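Asker: Here it is: the structure, laid out below.
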Amino acid sequence: GPSTGGMMQPQTGWNAANVWTWSTGTFEPGKYQVEVRIRDGKHAGSDGSDVSLAAPFVLGSANRPPRVDVLFSDRPAPQYAGSWVRWTAMARDPEGDPLQYKFYLRGPSTRGFWIDQTGWGNNNRWTWRTDPWDVGISEVLVAVRDGKHAGPGGSDDYATATYSIINLNQPPAITGLASNVMSPQPIGAAIRWQASAIDPNGNPIYFRYWLNGPATGGMWRMVRDWSTDPTWIWYTSPADAGVSQIQVQVMDGQHTSPMGWDDDAGALFTVLRPNQPPALVSLKPDKASPQSAGTPVRWTAMASDPDREPVYFKFWLKGPSTGNAWRVVQDWSVKNQWTWASTGYDGGAYSVYAYARDGKHNPATAYDSALGAPFVLSPNQPPKVTALTPDKKSPQSAGTAVTWTAKAADANKDTMLYRFWLKGPATGEAWKVVQDWSTNSKWTWTSSGYDAGDYAVFVYVRDGRHKPETSYDGRIGASYQLTVNAPPKLTALTPDKKSPQSAGGTVKWTAAAIDANKDPILYQFWLRGPATGNAWRVVQDWSPKNQWTWTSAPTDGGMYRIFAFASDGKHAPPNSYDSAMGQDYQLLNALPINRVVVGRR
């Protein structure tokens with residue numbers, strides 16, 4: 001062909017392979033003849049062949065890569081951050097092959113790295129949606145390929161363009177507003193206010209000040225018009241006494257009209273008026289006069305302080321209980337209440353006074369304001385106890401429950417409290433409180449069967465308005481005798497069937513006991529043996545029933561011990577007994593039955 005000068009030119013030596021790959025990269029386009037020669041080495045000479053075959057083949061011209069002609073944007077640089085910039089790439093391919101495009105960006109938003117924005121695609125346009133991160137100089141790159149030259153990650157050609165993004169003009173922002181002295185300040189103080197602000201674009205900043213407070217009638221008033229001076233001096237007067245609001249506004253003249261502003265900030269400031277003393281406005285009791293002597297009365301003093309400072313109170317009392325002399329009953333404190341706790345003997349006419357001060361005018365030995373009120377306590381009579389009676393006449397058997405009832409009267413119908421005392425053998429012949437102060441006028445005396453002897457019972461009565469808790473207003477006593485009480489005694493414990501018996505049956509046990517005082521007797525039955533694991537077990541708890549039926553199982557054979565306890569509830573405690581009796585008993589296991597079958601052969 002053309003590359004061999006029209007002559008046949010060997011491409012391989014003799015070999016056994018019947019396949020040959022033609023690498024056409026270095027061959028010129030044109031018409032070629034491909035010939036294969038075959039021999040077996042037994043017929044033709046060393047350079048000859050036994051047979052040959054030729055075939056024609058045409059090589060076309062080589063495919064050429066595409067080229068980028070131009071990369072341009074739809075709007076000139078610079079543009080403001082936030083603009084959308086459309087980029088278009090123009091490229092051509094000599095053979096008209098389909099092209100693929102990929103756009104890259106490198107700049108402030110990518111930290112100086114090339115970042116793929118589109119991936120490979122057949123669209124030759126890309127819209128760049130800018131934001132504040134893109135402010136500065138950026139580069140846009142477009143890569144192009146036809147898929148027949150560069151590898152999967154490469155491109156056949158590219159082009160770049162430089163573009164700049166700038167910030168929009170930003171309004172100024174206030175960064176601070178402060179005064180040269182701390183709030184509060186007295187009337188007449190000159191207070192210098194200073195604002196600070198920044199403008200991102202470096203434009204001049206203008207400041208304007210407003211005031212809203214007592215001097216402006218609670219309305220906003222401009223006190224300094226627009227100026228580049230960020231300070232304003234407020235010369236206070238008596239009209240400014242109280243809390244005022246100060247506001248500063250800023251602008252750079254490029255965003256809002258002179259009537260508006262770009263940013264503002266405010267602060268509160270207090271101008272002190274001359275300190276005023278507090279004044280008492282009321283002194284009232286929680287109960288109207290008169291009240292019975294001994295009745296608690298809570299007094300409440302109300303005061304106002306124009307400067308809202310803490311107010312201290314002191315309470316005084318004069319009357320019969322103070323010898324008709326003024327006495328401090330509650331010293332200076334912020335507590336505006338005092339509870340008057342009189343006794344039943346304090347009847348008469350009284351005067352109550354409250355003092356008030358804020359600690360900034362008069363000393364502790366004087367007051368800023370005072371207010372008094374009269375009050376009458378009517379005489380109160382102590383209660384009188386009239387009777388102390390038992391519900392069962394003396395004597396009674398020891399262990400018998402006796403309820404004592406006290407009767408008392410109070411002329412003022414006050415609530416009465418009672419305390420009961422006992423002295424005798426059960427208390428070691430010493431007085432003992434058996435029921436402390438309560439409104440219960442009854443006490444139940446629960447003795448035991450061993451407490452026989454002579455006793456004295458006393459009740460104290462008080463209404464809480466005369467004598468303290470350690471004493472009494474009235475008392476009364478009575479004597480009482482408890483006779484000896486003998487505990488019950490078990491006399492027999494018998495089964496209805498003699499021992500031994502076969503296991504699996506029933507045995508009824510009967511306990512017999514006597515009580516000299518004919519008190520009711522309670523019984524408890526116990527069992528120990530093979531069926532209880534040789535441990536004592538209650539098989540019938542305390543009850544008036546003196547019989548217990550023992551039902552055993554066929555496998556319960558063995559020796560057993562049965563016990564009965566007896567108690568009248570007046571001697572031994574609940575977990576013990578007054579009398580006990582036991583007995584041994586044997587159960588026999590049933591003999592096994594073997595069945596014998598006799599047969600013939």
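The values are calculated or read from the model by the stated rules, or taken from the named source; none is laboratory data. What you see is a predicted model; the values in this text were computed from it and never measured. Heads up, the Cβs are rebuilt from the backbone with ideal geometry, glycines too, and the neighbour counts pull from every protein chain shown.
Asker: Within the stretch 539-560, can you find the residues that are in contact with an Asp or Glu (Cβ under 8 Å, 6 or more places away or on another chain) and either crowded, with 17+ Cβ neighbours inside 10 Å or of a type outside the set (A, V, I, L, M) (or both)?
Answerer: Our first condition is that a residue be in contact with an Asp or Glu (Cβ under 8 Å, 6 or more places away or on another chain); within the stretch 539-560, this holds for 559-560.
Y560, the sole residue that qualifies.
Asker: If I filter the stretch 508-538 down to residues being surrounded by fewer than 19 Cβ atoms within 10 Å (Cβ to Cβ) and among the β-branched types (V, I, T), which single residue comes out as farthest from the chain's Cα centre (by Cα)?
Answerer: Among them, the one singled out is I514.
Asker: What's the number of the only condition in (1) in a loop (DSSP other than H, G, I, E, B); (2) of a type outside the set (F, W, Y); (3) touching an Asp or Glu at 6+ places or on another chain (Cβ under 9 Å) that R298 fails to meet?
Answerer: Of everything listed in (1) in a loop (DSSP other than H, G, I, E, B); (2) of a type outside the set (F, W, Y); (3) touching an Asp or Glu at 6+ places or on another chain (Cβ under 9 Å), R298 misses just condition (1).
Asker: Considering only the stretch 233-241, I want to know if a residue exists there that is in contact with a helix residue (DSSP H, G or I) (Cβ under 8 Å, 6 or more places away or on another chain), in a strand (DSSP E or B), modelled with pLDDT under 95 and not aromatic (F, W, Y).
Answerer: no
Asker: Right, something else. Return the residues of the stretch 545-560 that are more than 17 Å from L493 (Cβ to Cβ) and either part of a strand (DSSP E or B) or within 60 Å of the chain's Cα centre (by Cα) (or both); say none if nothing qualifies.
Answerer: Scanning the stretch 545-560 gives T551, G558.
Asker: D305 - would you say it is in contact (Cβ under 8 Å) with a residue 12 or more places away in the chain, closer than 30 Å to S237 by Cβ and among the acidic types (D, E)?
Answerer: yes
Asker: Do any strands (runs of 3 or more DSSP E) entirely within the stretch 310-361 hold 2 or more residues that are modelled with pLDDT of 95 or more and farther than 23 Å from A293 by Cα, and if so, which?
Answerer: 312-318, 327-333, 348-357
Asker: Moving on to the next point. Here is a check on your reading of the model: is A452 modelled with pLDDT under 95 and surrounded by fewer than 17 Cβ atoms within 10 Å (Cβ to Cβ)?
Answerer: Spelling it out, it is not the case that A452 is modelled with pLDDT under 95 and surrounded by fewer than 17 Cβ atoms within 10 Å (Cβ to Cβ).
Asker: Now for a separate question. I'd like to check which strands (runs of 3 or more DSSP E) are fully inside the stretch 362-418 and have at least 1 residues that are under 56 Å from the mean Cα position of the chain (by Cα).
Answerer: 369-378, 401-409
Asker: Can you tell me which residue within the stretch 267-290, out of those that are of a type in the set (S, T, N, Q) and out of contact with any strand residue (DSSP E or B) (no Cβ under 6 Å at 6 or more places or on another chain), is surrounded by the most Cβ atoms within 10 Å (Cβ to Cβ)?
Answerer: Ranking the candidates gives Q276 first.
Asker: Looking only at the stretch 455-469, filter to residues that are modelled with pLDDT under 95 and at negative phi; which one of those is nearest to the chain's Cα centre (by Cα)?
Answerer: Checking each candidate, the answer is E469.
Asker: Considering L141, L177, which residue is closer than 30 Å to V271 by Cα and surrounded by 15 or more Cβ atoms within 10 Å (Cβ to Cβ)?
Answerer: So the residue among L141, L177 that is closer than 30 Å to V271 by Cα and surrounded by 15 or more Cβ atoms within 10 Å (Cβ to Cβ) is L177.
The rows are residues; the columns are (1) outside the structural domain of I198 (by TED's automatic domain parsing); (2) touching a Lys or Arg at 6+ places or on another chain (Cβ under 8 Å).
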| position | (1), (2) |
| --- | --- |
| G266 | no, no |
| L283 | yes, no |
| P290 | yes, no |
| A293 | yes, yes |
| V297 | yes, yes |
| T300 | yes, yes |
| S304 | yes, no |
| E309 | yes, yes |
| W316 | yes, yes |
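Asker: On to the next question. Does any residue of the stretch 89-96 turn out to be modelled with pLDDT of 95 or more, within 60 Å of the chain's Cα centre (by Cα) and either at negative phi or of a type outside the set (V, I, T) (or both)?
Answerer: Taking every residue of the stretch 89-96 in turn, none turns out to be modelled with pLDDT of 95 or more, within 60 Å of the chain's Cα centre (by Cα) and either at negative phi or of a type outside the set (V, I, T) (or both).
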